[in-house]
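The values are calculated or read from the model by the stated rules, or taken from the named source; none is laboratory data. Small disclaimer: the values here were computed from a predicted structure and weren't measured. Don't worry about glycine lacking a Cβ; one is built from the backbone with ideal geometry, like all the others, and counts go over all protein chains shown. Ligands, DNA and RNA are stripped out before the accessible areas are found, and what is left, the full protein with its side chains, is counted by its heavy atoms. Shrake-Rupley method; radii C 1.70, N 1.55, O 1.52, S 1.80 Å.
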Amino acid sequence: QLEKSSTPTSKRTKQPTSNQQHQSRRMSADSSSDARVYTVEEAWDEFPASVQAGRTSNPIRKIVDRLKPPKDASRKLISLSIGDPTKYGNLRTHHSVISALVLSVHSNGFNGYPHSCGYPESRSAVAQYASHPTSPLTEDDVIITSGCSGALEMCFSGLANEGDNVLLPNPGFSLYQTICDSRGIQIRSYRLLPEKGWEADLSHMESLIDGKTRAILVNNPSNPCGSVYSREHLQAIVDLAERYHLPIIADEIYADMVFDEKTRPFVPVASLTKTAPVLAVGGLAKRFLVPGWRVGWILIHDKNGCFQKVKAGLIALSTLILGANSLVQSILPTILHETPQEFFRDTMELLYSNTVFLYSRLQEITGLNPIMPDGAMYLMFGIDVKAFKGIEDDVDFSRQLLEEQSLVVLPGEVFGMRFFARLVVCAPMKVLSEACDRIAEFCAAHSNPSYEG
């Protein structure tokens, strides 16, 4: 028998929310079934989102949505905020990469579903590309993912349960927090020291470890800092992980993107340990200048044989999306091993030239303290708010800079570092020069004449 819908009465002192009504109606189903049958006349309640959806939020969106460009801007908007090297068209992937993809499309051989972990030939190509004499890989150690962000999501999900914690760098890539918050994984942020080229504060890192810590994440080269860690510093982090038997998630999406291979080369974390398991993530997005192609990977380094269950778990997680882009991963054997080295060299020379220019220009501006990067495609600069009138913090600096100069930079709060801001260094020199002119003009307009910094 259908239940009659109840009629609200004005005598009630407090009305339940629609979600509470929805849940109570579900709970009031008759004893013979868990499902409630409704009359045609009963209105639909607002359906609640899942707990996971409700706690998923990107810190960048929270802050960037508060940065509104002026509606009557007389200047063209310049954005140095998004980590997409292709945004301005001056950085393009090599023509051989495009040719390989076109051939794959016309072959009609890769239109179906690949294995959820990737084509064997593609995994083998990645293994060969990423192997190191002290940390060799086979195709069985590789999982192809939907971008490096997909690889990170799988690593966090494969290692930590709700209520566990992971150690993350501060400042750090905001997606780490988004993924962990979504899954109920607690984050513990270890300090990076700007005065030491953004090295990790190892004492602080160690103080955060407890019985529920499941991994240490190391991002090298770094977003947002552009830092490249020395072998000695990475070894110190590895030694700490080994003492506490903690796995390392190595975010190496900017692998080999360094300005000077002789003085500060890229060193894979996995090459420095004989015992600690490492999940290294990478992909095509940055080095090959194809962030929209969405192919990344997880490299499973298990020298001690303690990651068999984790490996099986990652393989299971890979089945959630039934594999990454089939066409792009089909050309991995070609582009990973046949793209000319001159292409990578030219890209890094341009990024280095742009970085030196930005660093030197920002150094000239009172109240700003740029920190010279060693790689990747970002530059962080400190903001001494005492040098300016009417600017409270980095978010206020970024907001007013956009409103007055139509220039977008990301405030450091996005990455967990107040009183800093991040620039992307990929734009053409003409754009960067105009951006520096606008920053200088903005800072001059807000200068504090009594500042003695």
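Numbers at a glance
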{"item": "Of all accessible heavy-atom area on the stretch 380-420, the percent that carbon and sulfur account for (1.4 Å)", "result": "48 percent"}
{"item": "Whole-number D in µm² s⁻¹ for the stretch 317-379, Kirkwood Cα-pair radius fed into Stokes-Einstein, 4 °C, 1.567 mPa s", "result": "85 µm²/s"}
{"item": "Eligible lysines near Lys76 by straight Cα distance, threshold 30 Å, same-chain separation 8 or greater", "result": "Lys62, Lys68, Lys87, Lys286, Lys386, Lys389, Lys430"}
{"item": "Gyration tensor (alpha-carbon) shape descriptor, the stretch 363-412, a/c threshold 1.5", "result": "oblate"}
{"item": "Length-normalised contact order of the chain in % [C-alpha pairs under 8 Å, at least 6 apart]", "result": "20 percent"}
{"item": "For Phe420, distant residues with modelled amide H under 5 Å away", "result": "Ile383, Asp394, Gly412, Glu413"}
{"item": "Reduced Cα scattering model of the stretch 301-453, Debye log10 I(q)/I(0), q = 0.14, 0.17, 0.19 Å⁻¹", "result": "-0.80, -0.95, -1.08"}
{"item": "Largest to smallest accessible area among Tyr129, Tyr119, Tyr176, Tyr244 [probe 1.4 Å]", "result": "Tyr244, Tyr129, Tyr119, Tyr176"}
{"item": "(i) -0.29, -0.71; (ii) -0.23, -0.68; (iii) -0.18, -0.60, with the label sought being that of the calculated log10 I(q)/I(0) by the Debye sum over Cα atoms at q = 0.05, 0.09 Å⁻¹", "result": "(ii)"}
{"item": "The chain - accessible surface per residue (Å², probe 1.4 Å)", "result": "49 Å²"}
{"item": "Alpha carbon Rg of the stretch 233-307, scaled by the compact-globule rule 2.2 N^0.38 Å", "result": "1.21"}
{"item": "Linear extension gain, Ser360 paired with Asn161, 0.36 nm per residue minus alpha-carbon span", "result": "67.1 nm"}
{"item": "Among 310-319, 223-232, the order from most to least packed when residues are scored by Cβ within 10 Å on average", "result": "223-232, 310-319"}
{"item": "Inter-label distance for Phe110 and Leu193, nm, one decimal - labels placed 7 Å from Cα along Cα-to-Cβ", "result": "4.6 nm"}
{"item": "Order of exposure, largest accessible area first, which applies to Glu121, Glu139, Glu41 with probe 1.4 Å", "result": "Glu41, Glu121, Glu139"}
{"item": "Surface share of carbon and sulfur [accessible, 1.4 angstrom probe, percent] for the stretch 142-276", "result": "44 percent"}
{"item": "Percentage, to the nearest whole number, of Cα pairs in the stretch 138-276 over 17 Å apart", "result": "59 percent"}
{"item": "Residues with amide H under 5 Å from that of His132, placed H, sequence gap 5 or more", "result": "Leu137"}
{"item": "Local net charge near Leu137, Cβ-Cβ under 12 Å (Lys/Arg +1, Asp/Glu -1)", "result": "-2"}
{"item": "Peptides ranked, highest mean first, by Cβ atoms within 10 Å: ranges 406-418, 154-166", "result": "406-418, 154-166"}
{"item": "The stretch 246-352 - convex hull of the alpha-carbon atoms, volume per residue in Å³", "result": "125 Å³"}
{"item": "Peptide ranges 55-68, 260-273 listed from the most packed, as the mean C-beta count within 10 angstrom indicates", "result": "260-273, 55-68"}
